[in-house]
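In what follows, a structure is listed as structure tokens, so that the remarks can point back to it.
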Amino acid sequence: MFNFIIFGPPGSGKGTQSVQIAEKYNLAHISTGEIFRKNIREKTELGIKVQSIIESGELVPDELLVAILEDAMDSRNGVSGFVFDGFPRTIQQAKDLEVCLKKRNDAVSMVLALEVNDEEIVERLLKRAQDQGRKDDTREVIENRILVYNNQTQPLCSYYKDQELLISINGIGSIDEIFNKICELINARI
Ligand code: ADP
């Protein structure tokens, strides 16, 4: 199985690239952000619990992620692996993912970090706010999400670097350029 983590700040293009990678390599795309937004739309128990957290730009507690992850992985058969998008976001989540994969005699294959500077991120997310109207894309919440990313998620970079799993690329460029670059890197690994 090829288990691919795509990693980067909010607005770095993880979601867009993940969809294309999943399709090309027959992987199941697991976006925890999308799972949460669907639950919020459908007003499920989970959705009601996480709505205010997400709308303030904070992270959902780690304990809630494990069940969601197991569920999402179990519901996808016949794939050649997974693309994890927006997960893990903390060291604890990275450890939980390892346990979850180990149970399946599996492991993380590769972690790709998309590097985009804060200025570009704010600009992209404000534009997305106009196009898609996501509630967490206001200037104030965006600034908090960047702060949360730098404090809680960025440390994962050195965690995966130490395991020799991390590859970083510049996330500024056209969608196709970045996609081609990612494919080259994946092809060199599989
Ligand atoms: P973005 O990458 O643009 O921030 P996502 O769609 O990945 O957007 O996530 C949106 C929000 O959902 C996050 O700001 C956070 O509140 C919540 N969330 C998503 N994934 C996780 C996770 N793995 N751990 C905690 N919270 C999460």
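Data table
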{"item": "Filter pass, Ile30 being within 15 Å of the ligand (Cβ to nearest atom), modelled with pLDDT of 95 or more and either within 23 Å of Ile91 (Cα to Cα) or touching a strand residue (DSSP E or B) at 6+ places or on another chain (Cβ under 6 Å) (or both)", "result": "yes"}
{"item": "Scope region 17-27; condition surrounded by fewer than 20 Cβ atoms within 10 Å (Cβ to Cβ) and either basic (Lys, Arg) or within 12 Å of the ligand (Cβ to nearest atom) (or both); matching residues", "result": "Lys24"}
{"item": "Out of Arg41, Arg37, sole residue that is basic (Lys, Arg), within 10 Å of the ligand (Cβ to nearest atom) and more than 21 Å from Ile91 (Cα to Cα)", "result": "Arg37"}
{"item": "Cβ-Cβ under 9 Å pairs, at least 6 apart or on other chains, region 64-87 side under 22 Å from Leu156 (Cα atoms) and in contact (Cβ under 8 Å) with a residue 24 or more places away in the chain, far side among the hydroxyl-bearing types (Ser, Thr, Tyr) and more than 14 Å from the ligand (Cβ to nearest atom)", "result": "Gly81/Tyr25; Gly81/Ser109; Val83/Tyr25"}
{"item": "Every residue from region 116-150 that is polar (S, T, N, Q) and within 13 Å of the ligand (Cβ to nearest atom)", "result": "Gln132, Thr138, Asn144, Asn150"}
{"item": "Identity of the residue in region 118-131, of a type outside the set (D, E, K, R) and touching a residue at least 24 places away in the same chain (Cβ under 8 Å), that ends up nearest to Gly8 (Cα to Cα)", "result": "Ile121"}
{"item": "Checklist (1) surrounded by 13 or more Cβ atoms within 10 Å (Cβ to Cβ); (2) more than 16 Å from the ligand (Cβ to nearest atom) applied to Ser174, failing item", "result": "(1)"}
{"item": "When residues of region 28-55 are limited to those that are aliphatic (A, V, I, L, M) and in a helix (DSSP H, G or I), the one surrounded by the fewest Cβ atoms within 10 Å (Cβ to Cβ)", "result": "Ile48"}
{"item": "Residues of region 56-103 that turn out to be at pLDDT 95 or above, under 16 Å from Leu27 (Cα atoms) and part of a loop (DSSP other than H, G, I, E, B), as a count", "result": "4"}
{"item": "Test: residue in region 51-70 that is more than 12 Å from the ligand (Cβ to nearest atom) and at positive phi", "result": "no"}
{"item": "Residues (without any contact (Cβ under 8 Å) to a residue 40 or more places away in the chain and touching a Leu at 6+ places or on another chain (Cβ under 6 Å)) located in region 1-45", "result": "Asn39"}
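The values are calculated or read from the model by the stated rules, or taken from the named source; none is laboratory data. Keep in mind the model is a prediction, meaning the values are calculated, not measured. Every residue, glycine as well, gets a Cβ built from its backbone with ideal geometry; the counts of neighbours run over all protein chains shown.
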